[in-house]
Amino acid sequence: MTEETAEAAEPHEPSPQERAARDRVRRQAGGMTHHETAEALEAAEDAAGDLAAADAGTRAAVAEWQRITDVLFDHGGPYSPDTDAYVQGQLTARENRRPPADTGPPLRPPAGRRRRARR
């Protein structure tokens, strides 16, 4: 396994620039059909030029156009982030990673139900 392959296999936390690029693509893709996203993918690839030399946001945008185009390949309707399982999974994961809200001190059982120490 090469170093590049090993890096690609590692989990990747997207940068704010990558998240913004993906979110922008998802908004633009809303309502598009497979053929329209394929054209948008081609335009993004042409605009990016050499992807290896492109910035992270550009690479993320092209990757997201590719992913959405693949999702729509066998889908008869238009794209919607609301029905995209991958997007919904990401949103759920982000929500679950947030620290819990401060709910105050830990709850104690009612006075009559406290456990007694074993002797």
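Going through the stretch 56-80 one residue at a time, which ones are open to solvent by 40 Å² or more (accessible area, probe 1.4 Å) and under 13 Å from the mean Cα position of the chain (by Cα)? Talk me through it step by step, then tell me what you get.
Initial filter on the stretch 56-80 (open to solvent by 40 Å² or more (accessible area, probe 1.4 Å)): 58-59, 63, 66-67, 70-71, 73-76, 78.
Result: 63, 67.
What about residue 89, is it part of a loop (DSSP other than H, G, I, E, B) and either modelled with pLDDT of 90 or more or open to solvent by less than 80 Å² (accessible area, probe 1.4 Å) (or both)? Spell out how you get there, then give the answer.
On the way: part of a loop (DSSP other than H, G, I, E, B): no; either modelled with pLDDT of 90 or more or open to solvent by less than 80 Å² (accessible area, probe 1.4 Å) (or both): yes.
Considered against the rule, which asks whether it is part of a loop (DSSP other than H, G, I, E, B) and either modelled with pLDDT of 90 or more or open to solvent by less than 80 Å² (accessible area, probe 1.4 Å) (or both), residue 89 comes out as no.
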Open item on the list: Here is a check on your reading of the model: is residue 39 at pLDDT 95 or above and surrounded by 10 or more Cβ atoms within 10 Å (Cβ to Cβ)?
Closed with: yes
Log entry, pairs with first residue in the stretch 28-57 being part of a helix (DSSP H, G or I), second being open to solvent by 80 Å² or more (accessible area, probe 1.4 Å) and not charged (D, E, K, R), beta carbons closer than 8 Å, six or more apart or on different chains, reads 34/73; 34/75; 40/28; 56/17; 57/17
Per the list (1) open to solvent by 40 Å² or more (accessible area, probe 1.4 Å); (2) modelled with pLDDT of 90 or more; (3) polar (S, T, N, Q), residue check on residue 83 breaks on (2)
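The values are calculated or read from the model by the stated rules, or taken from the named source; none is laboratory data. The model shown is predicted, which means the values in this text are computed figures rather than measured ones. Note that we place each Cβ from the backbone using ideal geometry, even for glycine, and neighbour counts take in every protein chain shown. We work out accessible area using only protein heavy atoms, side chains counted, and drop any ligands, DNA or RNA first. Shrake-Rupley method; radii C 1.70, N 1.55, O 1.52, S 1.80 Å.
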